[in-house]
Each structure stands twice: as structure tokens, then as C-alpha cells.
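What follows is calculated from the coordinates using simple rules that are stated; it is not laboratory data. This is a predicted model, so every value here is computed, not measured. No Cβ is skipped: glycine too gets one built from the backbone with ideal geometry, and neighbour counts run over all protein chains shown.
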Amino acid sequence: MILYNTLGQKKSEFIPHTEGKVNMYTCGPTVYHYAHIGNLRTYIMEDVLEKYLRYSGYDVTRVMNITDVGHLTSDADTGDDKMLEGAKREHKSVMEIAKFYTDAFFEDCKKLNIKTPDVVEPATNCIDDFINMVSALIDKGYAYFAGGNVYFDTSKLDNYYVFGNMNADDLEVGVREDVDSDENKRNKTDFVLWFTKSKFEDQALKWDSPWGVGYPGWHIECSSISIKHLGEYLDIHCGGVDNAFPHHTNEIAQSEAFLGHKWCNYWFHVLHLNDNTGKMSKSKGEFLTVSLLESKGYNPLVYRMFCLQSHYRKPLTFSYESLDNTAKAYDKLVKRISSLKNDGEVDKAKSEELDGKFREALDNDLNTSLGLTAVYDVLKAETNDATKRYVIEKFDEVLGLDLTKAEAEEASDLDSEIEELIAKRQQARADRNWAEADKIRDDLLARNIKLIDTPEGVKWKKIN
Ligand code: AMP
Ligand code: ZN
């Protein structure tokens, strides 16, 4: 598979550290509010990546953290604690907020057919691990204690800006805020590993540490949780593009300083979902969530398809108009698939040929829109319905759109509609309204549904 790698900023062949196995790490949600559909774009595309790696035969282990401490509103070391902000807003404790929004996140994921990672680890479960890593960084000379906090010393690295200047705008923001706010830092890019003295005197969650009572910085959690569960070599680290700096840049700094060797080979970043006013965020305008889309009558999988229709490395603009177009396309597609008959033998050679096209699309830096085209190609292919159905079912292991399952719902809707019409016809006959009874029979016949009067009652069958 060819993947774009933010490290090096080019596409290259994906080769895992251990043949046949993939260690994958995902930055999880900060659970102070519902996830917006922009966050979920990132998780949908990461889910497709994971599923395609499995489809390609890799044994994947995927780990995700839950950020329930340490993430400040600036992404750097300034601003308010996001969890505390959520707790104040809702007059609840931080842990209540964390539990509520973690559950809400996984409910959204379920609706979007996003698989739960093999390991899900809340940051507050791993405080001892963070403390051990911070201690080791001090021992190795990469971290220092100043003004009550522990900082990572970025001047000890040959190359701190590992991703180049791709995020020039983000770099500006991160660096400027740091400079203004913290005189303890020896270098403007240094970042906090452990806070004790900070402006958050009322920080709700605090732990004892060799440096005093306090709490961990945000970046340390991902390095530590990844190394804890996936070992010293990580194959793919994912996240939204805003995570590249400072979060992932700092993760690399501390992980490689700690391990003494290169840590992660591939960095997969999903570009943002925007609305017509710019980047989607939790504090802006109508807060777009999966539940909001549902309340407006959209099937969440239509949003999943909307994401798959464009490439993960391009910004995507959300509008209800485009979502409506996707909803129409989705319904049409599912209907076409549900009309495929179940009979016949699967043509293995043909199915492999069709599968080849699908793989070609996804092997090319996860081109999901061409992956969807491959589904339409199957429908048009010169082969029997059984083969088409079989191949589409396989593709759906990766696409996750319930392309063949949705049919079952449709079929049962159809069943109940026909049963209702049969009952109406029986009533019309009882009322000696022969014209009405015949009309119902003829209308159904026009839809290829034939009614058969038997001694046990009225039965029906599909005819062609
Ligand atoms: P957070 O809950 O803020 O920690 O973010 C969760 C994930 O969503 C991270 O991987 C972010 O990079 C990503 N993300 C944040 N905003 C957007 C957006 N507008 N579009 C796509 N992904 C985003
Ligand atoms: Zn992270």
C-alpha cells in the first residue's frame, strides 16, 4: 500500500516494522463535550485505514487514548483546562463529564460503523506511567524543573520541527502563546511535561509526584500510552492535521528522547472538515453532531459516505445541500444492491478481478472515492448477481456503509407494506368493493408482486 507520510511529506510504500503486523495509535477525543462531525471525519477515515489494513491481511493492533486531563484550550501550555471548562459549564465533576462524553463518543462511533480500537485507555488510568517517563527524561538530561513545573528541553534535539514547516500558521500560534505566557521556559518551543504551579489553582484532578502535587501535560499521555501498549516501535500514528503541531511534534520529541531511537515511521493526518465560515469547532455556531443530523432525518451512514466521497488529504466543506446529494446517492445505491438476486454461484475469477480494482484504489493512499466507484463498477459488471453481491459485501468490510445489510431493513419495510395492502384488499372484498380489491391486486402486480389466493389465506410472491 502507498501512503502519504507527513514525516518526509511524500507518498511511499507502507512497510511495517514487523512483517504482517501493524501497530497503530490514534489520538482519542478530549471528552469535555460531544464530538462534532469534523472530529468524526478524522475517526471515520482512520477507521477505513485500519479496516483496509486488515482487509490486506495485516494483523493490526490499534490503541486509542481518551484525553480526560491535561488538554488546554490552546493546544500548547496556555489557556484553560478543557475538562474543567466542561465541568463548570454543566455543574458536574470532571470525572462525570469524562464518563458522559466518552460514552457519547462511542455511541456516535457505533452509529457511524467506526470500530472500537483494540485498546482504549483514559489518560487518568496511567498517571504512574507518565511520572515514570517524565523521571526518565529528567535522568537522560532532556527535561528540567523550573518554577514548579517540569519542561521538555527542545534545544537538546537536532531537529525539533520534524514535519518541516507544513503548519507554518500553527507554528506561529503555538510559539507565540508559549513565549508570552511562561518565563520558566529556556526555549520558546519547550513544553510542559508535568504541571504543579500553574494558574489553575482549582485544577480538579491532581496527583502526587516527585515534583509536587500536580497533573500531566497533554502530550506525554500519547507517547506513554502508545509505548505502554504497543512497545518501542510504532508503525502508524494518526490524528487530525491540527495535531501535527505542537502535539505530534512534541510526542516525537519526548518518545525518541526516551527510547533513544526512531519511534514511529508513518504519520497519517486527516485534513479538516470546514463549514462555510471556516474550520468547524465546538465553540462555533450550530454545533454539528451526529445526533443533530439524525434529528434532521439523516442516516449517520450517509455522513460516513459523504466523508468517503472525498480524499482524506483534502479539506472538506460541509453543507446540507451536499449531504442531501449523498443521501440520494446512498438510497439509490442501497436499492440497486437490494434488487440483486440471491441465486447462482459466485464466479471466483470475476470476483478477484473486481476486488483488484477496489484494492488498486485503496492502495493508492486510501482513495476512498475511487473505492466507491469500484462498487458501481461491480453493479455494472458482466457477471451474475451472486458474484456482485459477494464482492460488494467484501468491500463493505472496509467501507462500512451497510450496503447489503440496509436491504434487510428495506425488505422488512416492503413485507409490512404488502401485508397492509393485502389486509386492505381483504376488507374491500368483505365490503364487496370489488373495484378497490382488484385495484390493489393490479397495483401490486405492476410492482412485480403477485397475490395468490389459497385456502390458508392470501400469499404473495415476487415475479420478474
Ligand atoms: P479533540 O477531541 O479536540 O482532541 O479532537 C479529536 C480529533 O479530531 C483530533 O484528531 C483532531 O485533530 C480532530 N479534529 C479537530 N477538528 C477537526 C475538524 N474540523 N475536522 C477534522 N478533524 C478535526
Ligand atoms: Zn495524541
### Message
Rg over Rh of region 324-399, using C-alpha atoms and the Kirkwood radius, what does it come to?
### Response
0.97
### Query
For the residue pair GLU456 and LYS11, what label-to-label distance in nm results when each label sits 7 Å from Cα along the Cα-to-beta-carbon direction?
5.9 nm
#### Entry: Nearest-0.05 FRET efficiency for PHE106 and LEU414, computed from C-beta distance (R0 41 Å)
0.80
### Summary
Per the rule of 0.36 nm per residue minus the C-alpha distance, extending TYR376 to PHE287 adds in nm 28.7 nm
### Between region 346-370 and region 63-117, the alpha-carbon center distance in angstrom
37 Å
### Query
Got a sec? Which residues in region 15-39 would a label at ASP80 touch, if it sits 7 Å along Cα→Cβ and we count backbone N under 16 Å?
31-34
### Query
If you place +1 on the Cβ of every Lys and Arg, -1 on the Cβ of every Asp and Glu, and leave all else neutral, what size is the dipole of region 407-462 about its Cα centre, to the nearest 20 Debye?
440 debye
### Query
Which is farthest toward the positive dipole end of the chain among VAL378, PHE258, SER56, measuring Cα position about the Cα centre, with Cβ charges +1 (Lys, Arg) and -1 (Asp, Glu)?
VAL378
### Query
What spacing in nm lies between the two simple spin-label points modelled at LYS21 and ASP438, each 7 Å away from Cα in the Cβ direction?
7.5 nm
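R0 = 22 Å: FRET efficiency of GLU352 with LYS115, Cβ-based, nearest 0.05?
0.30
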### Message
Considering just Cα atoms, how many Å³ per residue does the convex hull of region 258-341 enclose?
### Response
178 Å³
### Query
What number, in nm² with one decimal, is the all-direction average of the projected area of the convex hull of the alpha-carbon atoms of the chain?
27.3 nm²
### Summary
Plugging the Cβ-Cβ distance of LEU445 and LYS332 into 1/(1 + (r/R0)^6) at R0 = 22 Å yields, to the nearest 0.05, a FRET efficiency of 0.35
### Task
Please work out how many pairs of lysine residues in region 1-149 are eight or more positions apart (or on different chains) and have Cα atoms closer than 17 angstrom.
8
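Go through LYS341/LYS462; LYS357/LYS388; LYS350/LYS461; LYS439/LYS459 and tell me which ones have a Cα-Cα distance over 19 Å in this structure.
Beyond 19 Å between Cα atoms: LYS350/LYS461.
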### Query
Given charges of +1 on the Cβ of Lys and Arg and -1 on the Cβ of Asp and Glu, with all other atoms neutral, how large is the dipole of region 2-279 about its Cα centre, in debye to the nearest 20?
480 debye
### Query
When the label point is put 7 Å from the Cα of ARG429 along its Cα-to-beta-carbon vector, which residues of region 435-461 have a backbone N closer than 18 Å?
435-446, 449-461
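Could you calculate the contour length gain from GLU96 to VAL213, that is, 0.36 nm times the residue separation minus the distance between their Cα atoms, to one decimal place in nm?
Between GLU96 and VAL213, full extension yields an extra 39.9 nm.
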## Note on the structure
In whole percent, the Cα-Cα distances of region 407-462 spread across 5 Å bins from 0 upward as 5, 19, 29, 27, 13, 5, 2, 0
